[in-house]
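Below is one structure; the comments refer to it alone.
The values are calculated or read from the model by the stated rules, or taken from the named source; none is laboratory data. Values in this document were obtained by computation on a predicted structure and should not be read as measured data. Every residue, glycine among them, receives a Cβ derived from its backbone with ideal geometry; neighbour counts consider all protein chains shown. Note: accessible area is taken over every heavy atom of the protein model, side chains too, but ligands, DNA and RNA are not part of it. Shrake-Rupley method; radii C 1.70, N 1.55, O 1.52, S 1.80 Å.
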Amino acid sequence: MIKKIHIKNYKSLKDIDLELGRRNMLVGPNMSGKSNLLDSFKFLTNICDSGVSKAFHDRGGFSEVVWKGEDAGPISFHLVIEHESEKSYEYEISIIGSITTGSFSVERESLIVKTKKGDFPLIDLRNGQGKIMHIDGSPAFQPTGPSASALEFSVPGWEGMMVKGYISSWRFYRLLPALMKQSNAAVSQQFLMENGDNFSSWFMTLQTNYPDEFRRIKQVAKDVFPGLEEVLTPPTQFATTYMVSREKHLKRDVSIWHMSDGEIVFLGWLSLIFSPFGSPLFCIEELENHLHPRLLETLVEVQNQRQRELGPHAAQIIATTHSPYLVDKTDIDDLIVVEKSNGATKCTRPASKAHLKELLEREELGLGELWYSGALGGN
């Protein structure tokens with residue numbers, strides 16, 4: 001789990017230093033930087049998956065990513081990652097570049113594994129020069145220069161692969177019903193895509209290979225949609241599949257193109273909660289989109305139950321919302337208020353304000369009301 005992250009000069013994140021919990025709900029107005037914060041995590045995933053150059057290219061180049069205010073320094077990330085095996089890792093990368101030419105280089109990169117026996121460096125690079133080591137101090141592989149990150153490379157047996165694999169497996173979601181409502185190739189899927197465009201083939205995978213998880217998804221859906229009897233993803237003669245639902249009092253199935261947006265999105269979120277594959281981190285944009293408040297309440301309850309079941313193995317979640325109702329269902333310790341001052345994003349935790357906790361304990365106001373009123377900031 002990510003315990004701390006310090007980000008500098010990434011888009012509107014001039015200087016953000018955050019402690020993170022198992023669940024983190026970001027609230028704040030449009031243009032405050034909530035999406036930039038989620039994208040900073042995605043940037044790190046892209047580095048590990050495709051490399052630094054591709055991560056910049058996909059965002060329009062270095063000049064489009066670096067802080068656009070005055071005194072812009074290097075883009076830097078510093079993460080503290082707590083591992084289950086009583087190990088923790090500290091990873092840092094600092095990237096300098098030119099806003100005129102778009103050129104860039106990795107100025108500094110380090111990775112330290114911390115154990116009961118001491119701290120052991122795995123990466124120690126400056127401008128592409130230095131060492132990439134095993135935990136015993138022996139060389140792992142040679143640096144390739146300042147244009148790449150050490151975590152771009154897959155090296156069997158190198159302890160740094162744990163951090164690379166961990167960051168690479170983060171998942172990012174903003175479900176879009178228009179993309180979810182399409183037929184898919186009838187092939188097995190390892191995860192739901194970011195916008196849900198493989199939704200039907202993903203559900204077919206769960207239905208075919210993971211009947212216990214599929215049964216739980218279907219049962220929750222039937223509980224909240226009283227008319228729903230069945231959801232199916234049958235293969236077609238063209239080797240494709242698309243979801244159909246079966247409703248009481250109807251003689252024929254309803255195809256995915258005519259199912260409600262809320263029903264589709266709700267099933268998508270349920271599939272992630274009960275997914276047999278999982279991920280250590282889910283970053284979610286505007287969870288409430290297309291959902292009735294009653295469906296939001298059910299999702300929160302189901303997620304809480306699932307987290308209790310999984311215990312320390314439960315995924316870490318960072319989500320954004322504009323919904324006072326969803327804020328009201330959030331623990332104040334999980335809330336992060338995001339604001340912008342002089343063009344730079346600022347993050348604060350209202351749990352640090354004792355008088356707000358007292359108001360909540362006396363039940364004078366709900367957390368959603370406090371946020372909507374402006375008492376928490378971020379409005």
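For the range 263-279, backbone phi angles converted through the Karplus equation (6.51, -1.76, 1.60; θ = phi - 60°) give residue-by-residue couplings of 5, 5, 5, 4, 4, x, 5, 4, 5, 6, 4, 9, 4, x, 8, x, 7 Hz, Gly and Pro being listed as x.
Looking at the chain, the accessible area is 47 square angstrom per residue; that uses a 1.4 Å probe and ignores ligands, DNA and RNA. If only the Cβ of Lys and Arg carry +1 and only the Cβ of Asp and Glu carry -1, the dipole of the chain around its Cα centre is close to 380 debye. On a per residue basis, the convex hull of the C-alpha atoms belonging to the chain measures out at 166 Å³.
Report, ordered by chain and residue number, the lysines lying within cross-link reach of K340, taken as a straight Cα distance under 30 Å and ignoring same-chain residues fewer than 8 apart. In chain and number order, the partners are K3, K4, K8, K11, K14, K34, K42, K54, K68, K329, K353, K357. Ranking F282, F43, F153 by solvent-accessible area of protein heavy atoms (1.4 Å probe, all protein chains present), from largest to smallest, gives F153, F282, F43. Here the relative contact order of the chain, from alpha carbon pairs under 8 Å that lie six or more residues apart, stands at 17 percent. Two numbers describe the Cα atoms of the range 231-351: Rg and Dmax, which are 18.1, 60 Å. Of the residues T45, T208, the one with the largest accessible area comes first in the ranking T208, T45, computed with a 1.4 Å probe on protein heavy atoms.
Charging the Cβ of each Asp and Glu at -1 and of each Lys and Arg at +1, and nothing else, the dipole of the range 296-343 about its Cα centre rounds to 160 debye.
For the range 55-161, the carbon plus sulfur part of the accessible surface works out to 51%, probe radius 1.4 Å. Estimated purely from DSSP H runs of n ≥ 4, each contributing -39500 (n - 2.57), the mean residue ellipticity at 222 nm for the chain is -9000 deg cm²/dmol once divided by its residues. Rolling a 1.4 Å probe over the protein heavy atoms leaves H6 with an accessible area of roughly 50 Å².
Shown are M180, M193, M162, M25, whose ranking by accessible area with a 1.4 Å probe and every protein chain present, most to least, is M193, M162, M25, M180. For the range 29-102, the percent of C-alpha pairs falling in each 10 Å distance bin, counted from 0 to the bin holding the largest distance, reads 16, 45, 29, 9, 1. A straight Cα-to-Cα reach below 16 Å connects K218 with the lysines K248, residues fewer than 8 places away in its own chain not being considered.
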